[in-house]
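Input: a single structure, listed below in structure tokens.
The values are calculated or read from the model by the stated rules, or taken from the named source; none is laboratory data. Nothing here was measured: the structure is a model prediction, and the numbers come from that model. Note that we place each Cβ from the backbone using ideal geometry, even for glycine, and neighbour counts take in every protein chain shown. Remember, those area values only see protein heavy atoms, side chains included, never the ligands or the DNA or RNA. Shrake-Rupley method; radii C 1.70, N 1.55, O 1.52, S 1.80 Å.
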Amino acid sequence: MSFRATILTLYPEMFPGHLGHSLAGKALERGQWSIKPVQIRDFAEDRHRTVDDTPAGGGAGMVLKPDILANAIDQVSGHDDRPRLLMSPRGRPLTQKRVRELAAGEGVVIVCGRFEGVDQRVIEARQLEEVSLGDYILSGGEPAALTLLDAVVRILPGVMGNALSGTHESFEDGLLEYPHYTRPQVFEGREIPSVLTSGNHAAIDKWRREQALKLTRERRPDLLQSGQD
């Protein structure tokens with residue numbers, strides 16, 4: 001069973017984007033996953049294909065209309081159990097744990113917001129899971145959707161050549177990843193730490209764990225705190 005991603009967007013030409021290249025692109029060619037961008041405007045009923053309207057209560061910008069978006073969601077996912085995601089800066093932060101949960105399923109339906117946002121009623125009525133990539137604003141949900149899919153597709157079975165590549169990375173064990181080195185032995189006066197060339201695998205594992213803890217304390221102490229909750 002391949003992983004199926006359906007994207008509801010006003011800019012279907014943005015897909016598959018960078019996911020058509022490298023490991024994800026090769027996996028796409030092999031049929032290990034699929035992506036289907038769907039134009040939201042195709043579900044508008046007026047001759048101008050209007051998908052947005054002014055916000056109730058006033059204010060700047062426009063809001064995606066609930067009836068059109070609901071119809072689009074029903075048409076593309078009315079008969080399957082794939083999670084329905086809405087890329088939104090007010091959503092829950094995406095984590096590697098959630099990425100692995102999504103990768104273990106049959107696929108996702110992703111709604112890419114635009115303008116000021118999406119009518120709250122369709123979020124509730126269609127049980128959209130709001131997902132955020134961080135505390136910043138993008139011009140639309142498309143770049144965020146591509147990033148989420150990048151994180152998911154790379155850990156699908158058989159996509160990465162070395163299965164261990166996905167298990168020794170930042171966030172997989174609640175820590176940032178340890179530093180990496182390769183030849184030459186000396187670069188601009190800086191040497192590879194001697195423990196890494198010692199052949200002592202227990203010492204190497206200990207060093208890597210210590211370095212991961214050190215980096216996490218310095219850069220993301222919140223990860224250590226959350227692991228204690």
Per the filter on segment 58-80, residues open to solvent by 70 Å² or more (accessible area, probe 1.4 Å) and modelled with pLDDT of 95 or more are D67, Q75
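Would you tally the residues in segment 13-22 being in a helix (DSSP H, G or I) and either open to solvent by 30 Å² or more (accessible area, probe 1.4 Å) or touching a Phe, Trp or Tyr at 6+ places or on another chain (Cβ under 7 Å) (or both)? Reasoning before the result, please.
Of all residues in segment 13-22, those in a helix (DSSP H, G or I) come to 13-14, 17-20, 22.
Right, trim to either open to solvent by 30 Å² or more (accessible area, probe 1.4 Å) or touching a Phe, Trp or Tyr at 6+ places or on another chain (Cβ under 7 Å) (or both) and you get 13-14, 17-18, 20, 22.
Residues in segment 13-22 being in a helix (DSSP H, G or I) and either open to solvent by 30 Å² or more (accessible area, probe 1.4 Å) or touching a Phe, Trp or Tyr at 6+ places or on another chain (Cβ under 7 Å) (or both): 6 in total.
For T147, indicate whether it is within 30 Å of M14 (Cα to Cα) and either touching a helix residue (DSSP H, G or I) at 6+ places or on another chain (Cβ under 7 Å) or modelled with pLDDT of 95 or more (or both). Walk me through it before giving the result.
Values: within 30 Å of M14 (Cα to Cα): yes; either touching a helix residue (DSSP H, G or I) at 6+ places or on another chain (Cβ under 7 Å) or modelled with pLDDT of 95 or more (or both): yes.
So T147 passes the test.
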Can you find even one residue in segment 188-200 that is open to solvent by 70 Å² or more (accessible area, probe 1.4 Å), modelled with pLDDT of 95 or more and assigned to a helix (DSSP H, G or I)? yes
Is one or more of the residues making up segment 29-45 over 19 Å from E106 (Cα atoms), modelled with pLDDT under 95 and not small (G, A, S)? yes
Any idea which of S139, S88 is within 25 Å of P55 (Cβ to Cβ), in contact with a Lys or Arg (Cβ under 9 Å, 6 or more places away or on another chain) and either open to solvent by 10 Å² or more (accessible area, probe 1.4 Å) or of a type in the set (K, R) (or both)? S139
Quick check on G105: is it surrounded by fewer than 19 Cβ atoms within 10 Å (Cβ to Cβ), modelled with pLDDT of 95 or more and not hydroxyl-bearing (S, T, Y)? yes
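On the given criteria, is R49 farther than 23 Å from L156 by Cβ and over 20 Å from the mean Cα position of the chain (by Cα)?
Working: farther than 23 Å from L156 by Cβ: yes; over 20 Å from the mean Cα position of the chain (by Cα): yes.
Here the answer is yes, as R49 does meet what is asked.
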